[in-house]
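The values are calculated or read from the model by the stated rules, or taken from the named source; none is laboratory data. The model shown is predicted, which means the values in this text are computed figures rather than measured ones. For neighbour counting, all protein chains shown are included, and Cβ atoms are generated from backbone atoms with ideal geometry for every residue, glycine included. Side chains included, ligands, DNA and RNA excluded: accessible areas come from the protein's heavy atoms. Shrake-Rupley method; radii C 1.70, N 1.55, O 1.52, S 1.80 Å.
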Amino acid sequence: MDRFHIVGPTPLLGTVRASGAKNAALPALAATLLTDEPVVLHRVPRVRDIRTLRRLLDHLGMGSEDREGGAIVVRRQSADGSPNDAPYDLVKTMRASVLVLGPQLAKRGYARVSLPGGCAIGVRPIDQHLKGLAALGADVRISHGYVEATAVHLVGTRFRFDMPTVTGTENVLMAATLARGATVLENCAREPEIADLAELLVAMGARIYGAGTERIVIEGVLGLGGARHVIIPDRIEGGTYLIGAALTGGDVLLAEARAADLAPLLEKLAEVGVDVEVTAHGIRARSRGTLVSRDLDTAPHPSFPTDLQAQYMALMTQAEGVATIRETIFENRFQHAPELARMGADVRVEGNSARVYGPRALSGTTVMATDLRASACLVLAGLAASGETVVDRIYHLDRGYEGMELKLQGLGARVARLAELPAA
Ligand code: EPU
């Protein structure tokens, strides 16, 4: 398994550009199942989760091809006759595979998707996806570890999610585009990735109002066509580099960023003592030398994203005072805490709260994490630590960060990818 070798401390200095958002590109790729026409997606990040979904689409009869400049064209290979199931082997490696459920059901009247099961950060049920599809008139059954959903045609409805769910909102939204009549979805997730998906669907001919707010109205249409769409920049990837600048005493310009998507992070950075400037060129985060601790609660957008909580914890190890970080979205998302402690941090976890006592000098060692954002946190900590840090199991990072070592090298970091050693 590949590892990162980091020599620190080094300030991150310079300009970096975020890739397309993984969590916007995944539903966009799933949405191609709704049409027989080609869909061209620009700025799709070259990360492992995208490759996994492309494999699943291929299995479902949707070929995808890389085009120059980073675009991907997805095209249906045959009108029917392709398998209609998302097998366990593909779904178990990436929960977002469940995003094919809504579009497959709407387009083909039947879908069979393996239940994703839990993952490293929590149990993560999909009951809301299933309730929403059932409200649209689908017959939804679970047997032998698979969800089977059937509907001759879906029918518009009014449905209220019990809690805002990102992929749940996306799944039901996609299904409703081809339902008969109007659907009103309430208590929807408001993440920017949902508005981006709706923009693609509208370009394909869907009628959607209010995406990005808690109430989305969809007027069903008979069919959807092809489209061309540019994926939004990845706010979590970009935010990771801004936190890196703050943590290492650096100065980074995140070029072409959408500041509104990053507002909760930018406010927090300003509170802890980082100079944040939003200009026409992007977002600049510049360290003022010292940081002060501030508490943080994660919550659905537009509050602070759970996907930046681990990176924020790395930042708080270098701040004056005590920061209490509360994770309210996932029940097991502090795996980075014991690894940070091995680097010298003083982090005390109790239930869904972690208290970070700072500042503490970090020193390099071998660390590893079992999820994507926890791994990013450890890479940032390695940049701020003295000496050599080896971050093991980089395949977690490769799920969602495009060329992270190259981008960090571009900012002056001393980081190298060590390829897996051949078996002795
Ligand atoms: N939930 C339910 N039932 C459901 C759906 C969700 O109880 O049917 C609960 C979850 O267990 C969780 C909360 O609702 O406690 C919110 O989960 P959500 O459904 O919003 O998460 P998700 O759609 O599975 C997406 C991102 C995650 C990100 C979360 C929260 C994608 C592909 N994944 O997951 O991204 O953390 O929203 O913002 O969009 C990552 O990129 O590292 C990542 C984990």
**Item:** Residue in region 357-378 that is surrounded by the fewest Cβ atoms within 10 Å (Cβ to Cβ), counting only those that are of a type outside the set (Gly, Ala, Ser) and touching an Asp or Glu at 6+ places or on another chain (Cβ under 7 Å)
**Value:** 366
**Asked** Just wondering, is there one or more residues in region 176-188 that are under 18 Å from the mean Cα position of the chain (by Cα) and within 13 Å of the ligand (Cβ to nearest atom)?
**Response** yes
**Asked** residue 37 fails exactly one of the following numbered conditions: (1) open to solvent by 60 Å² or more (accessible area, probe 1.4 Å); (2) in a helix (DSSP H, G or I); (3) in contact (Cβ under 8 Å) with a residue 60 or more places away in the chain. What is the number of that condition?
**Response** (2)
**Message:** Here is a list: 250, 225. Which entry is more than 19 Å from residue 19 (Cα to Cα) and surrounded by fewer than 21 Cβ atoms within 10 Å (Cβ to Cβ)?
**Reply:** 225
**Asked** Do any helices (runs of 4 or more DSSP H) entirely within region 242-343 hold 3 or more residues that are touching a residue at least 60 places away in the same chain (Cβ under 8 Å) and under 27 Å from residue 166 (Cα atoms), and if so, which?
**Response** 309-316
**Request:** Would you tally the residues in region 284-317 being more than 20 Å from the chain's Cα centre (by Cα) and over 21 Å from residue 354 (Cα atoms)?
**Result:** 7
**Prompt:** If you check 221, 217, which single one turns out to be of a type in the set (Val, Ile, Thr) and in a loop (DSSP other than H, G, I, E, B)?
**Reply:** 221
**Item:** Qualifying positions in region 66-76 - assigned to a strand (DSSP E or B) and open to solvent by 20 Å² or more (accessible area, probe 1.4 Å)
**Value:** 66, 75, 76
**Output for region 236-261, where each listed residue is in contact with a helix residue (DSSP H, G or I) (Cβ under 6 Å, 6 or more places away or on another chain) and closer than 28 Å to residue 184 by Cα** = 261
**Message:** Quick check on my filter: what residues within region 138-176 are of a type in the set (Phe, Trp, Tyr) and within 20 Å of residue 95 (Cβ to Cβ)?
**Reply:** 146, 161
**Residue check for residue 253: modelled with pLDDT of 95 or more, of a type outside the set (Ser, Thr, Tyr) and in contact with a strand residue (DSSP E or B) (Cβ under 6 Å, 6 or more places away or on another chain)** = yes
**Complete:** From the option list 381, 354, single residue qualifying as within 20 Å of residue 245 (Cβ to Cβ) and open to solvent by less than 40 Å² (accessible area, probe 1.4 Å) is 381
**Fill in**
Checked pairs for region 382-406, first within 23 Å of residue 316 (Cβ to Cβ), second in a loop (DSSP other than H, G, I, E, B) and at pLDDT below 95, C-beta under 7 Å and 6 or more apart or across chains, list as 396/369; 396/370; 396/371
**Asked** How many residues does region 308-332 contain that are within 11 Å of the ligand (Cβ to nearest atom), surrounded by fewer than 23 Cβ atoms within 10 Å (Cβ to Cβ) and of a type outside the set (A, V, I, L, M, F, W, C)?
**Response** 3
**Request:** Name the residue, out of 289, 282, that is open to solvent by less than 20 Å² (accessible area, probe 1.4 Å) and over 18 Å from residue 376 (Cβ atoms).
**Result:** 282
**Request:** Filter region 77-118 down to residues that are outside any helix (DSSP H, G or I) and within 18 Å of residue 27 (Cβ to Cβ) and give me whichever is most open to solvent (accessible area, probe 1.4 Å).
**Result:** 93
**Message:** Just to verify a result, which residue in region 138-161, among those that are open to solvent by less than 50 Å² (accessible area, probe 1.4 Å), over 17 Å from residue 97 (Cα atoms) and at pLDDT 95 or above, is farthest from the ligand (Cβ to nearest atom)?
**Reply:** 156
**Request:** Please work out if residue 27 is in a helix (DSSP H, G or I) and either under 15 Å from the mean Cα position of the chain (by Cα) or more than 21 Å from residue 408 (Cβ to Cβ) (or both).
**Result:** yes
**Asked** Of everything in region 124-135 that's near the ligand (Cβ under 6 Å from one of its atoms) and open to solvent by 60 Å² or more (accessible area, probe 1.4 Å), which residue is nearest to residue 103 (Cα to Cα)?
**Response** 127
**Message:** Take residue 127 and tell me if it is among the acidic types (Asp, Glu) and out of contact with any strand residue (DSSP E or B) (no Cβ under 9 Å at 6 or more places or on another chain).
**Reply:** yes
**Message:** With the structure loaded, tell me whether residue 275 is within 16 Å of the ligand (Cβ to nearest atom), charged (D, E, K, R) and more than 19 Å from residue 9 (Cβ to Cβ) or whether it fails that test.
**Reply:** no
